[in-house]
Amino acid sequence: MSYSKNSAGKSKDKKKRRVIILTGFRATGKTVVGRELAELLGFDFLDTDEELSRRFGTRIADFVASQGWAGFRREEELLLSGLCDRKSLVLATGGGCILHREVWRRLRDNGIVVWLQATRETILHRLQADDRTGAQRPSLTGAALQEEVDALLAERIPLYRAGSDFQVRVEGHSPRALGRIIQKLLQESD
């Protein structure tokens with residue numbers, strides 16, 4: 001199965017969708033799938049990492065180097081807070097946005113959260129193959145990539161599971177196909 005409804009999800013009782021939030025680990029395709037989904041739904045699209053880079057006027061890696069991860073997380077939380085009441089938006093979140101639990105709850109109250117899942121191997125392959133990884137995805141722990149991925153997945157998988165309405169596996173699907181899968185899930189949940 002490519003997708004499933006999270007048992008903690010409450011999508012059936014939600015009113016007309018205001019925001020569709022894509023969550024998941026780094027390199028699971030949130031941005032590219034989000035753009036496809038926004039096009040299919042006729043919604044606006046926003047990627048939190050891209051928006052933060054625009055606001056900073058620099059790459060995330062440069063901002064983190066000067067302000068640290070704590071500074072980045074503060075700015076990320078402020079951005080998310082400002083998006084809680086948006087309408088007709090597909091939001092591709094950074095992999096760590098799920099850590100902002102209070103803001104995440106408010107976002108989820110306003111929309112539907114879809115967790116894009118990928119295997120550890122897929123994540124590692126994508127991170128190693130992407131030449132933007134260093135600039136857009138600086139190390140969070142300073143550990144080797146495989147160790148960092150393992151540690152962060154162990155920490156975040158329970159948060160992704162608890163903080164999402166649907167789970168969608170990315171392997172074996174193009175971004176357009178994933179957009180269609182999510183569109184169908186949203187239609188079925190109305």
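The values are calculated or read from the model by the stated rules, or taken from the named source; none is laboratory data. Given the structure is predicted, the values throughout are model-derived calculations rather than measurements. We place every Cβ from the backbone using ideal geometry, glycine too, and count neighbours over all the protein chains shown.
Checking region 120-131 against the condition returns a match, with at least one residue being in contact with a helix residue (DSSP H, G or I) (Cβ under 7 Å, 6 or more places away or on another chain), in contact (Cβ under 8 Å) with a residue 40 or more places away in the chain and not charged (D, E, K, R). Please go through region 58-114 and pick out each residue that is loosely packed, with under 14 Cβ neighbours inside 10 Å and under 19 Å from Gly24 (Cβ atoms). Answer for region 58-114, where residues must be loosely packed, with under 14 Cβ neighbours inside 10 Å and under 19 Å from Gly24 (Cβ atoms): Arg101, Arg105.
Out of all the residues in region 151-190, which are under 25 Å from Val103 (Cα atoms), assigned to a helix (DSSP H, G or I) and over 15 Å from the mean Cα position of the chain (by Cα)? Residues satisfying the conditions are Ala151, Ala154, Glu155, Gln183, Leu185, Leu186, Ser189.
Residues in region 28-43: is at least one more than 18 Å from Ala177 (Cβ to Cβ), surrounded by 17 or more Cβ atoms within 10 Å (Cβ to Cβ) and of a type in the set (A, V, I, L, M)? There is no residue in region 28-43 that is more than 18 Å from Ala177 (Cβ to Cβ), surrounded by 17 or more Cβ atoms within 10 Å (Cβ to Cβ) and of a type in the set (A, V, I, L, M).
Filter region 6-25 down to the residues that are closer than 24 Å to Ala154 by Cβ and surrounded by fewer than 23 Cβ atoms within 10 Å (Cβ to Cβ), then identify the one that is modelled with the highest pLDDT. Before the answer, list the steps.
If we filter region 6-25 for residues that are closer than 24 Å to Ala154 by Cβ, which is where we start, we get 6-9, 21-25.
From what is left, the residues that are surrounded by fewer than 23 Cβ atoms within 10 Å (Cβ to Cβ) are 6-9.
Details: Asn6: 65, Ser7: 49, Ala8: 46, Gly9: 46.
Here the residue is Asn6.
Being in a helix (DSSP H, G or I) and either under 22 Å from Arg106 (Cα atoms) or at pLDDT 95 or above (or both), is that true of even one residue in region 138-145?
no
Considering only region 117-137, I want to know if a residue exists there that is surrounded by 14 or more Cβ atoms within 10 Å (Cβ to Cβ), in a strand (DSSP E or B), of a type outside the set (D, E, K, R) and at pLDDT 95 or above. Checking region 117-137: at least one residue is surrounded by 14 or more Cβ atoms within 10 Å (Cβ to Cβ), in a strand (DSSP E or B), of a type outside the set (D, E, K, R) and at pLDDT 95 or above.
Which one of these is within 19 Å of Arg156 (Cα to Cα) and free of Cβ contacts under 8 Å to residues at least 24 places away in the same chain: Glu102, Glu77? Full working, then the answer.
Working: Glu77 fails: free of Cβ contacts under 8 Å to residues at least 24 places away in the same chain.
It is Glu102.
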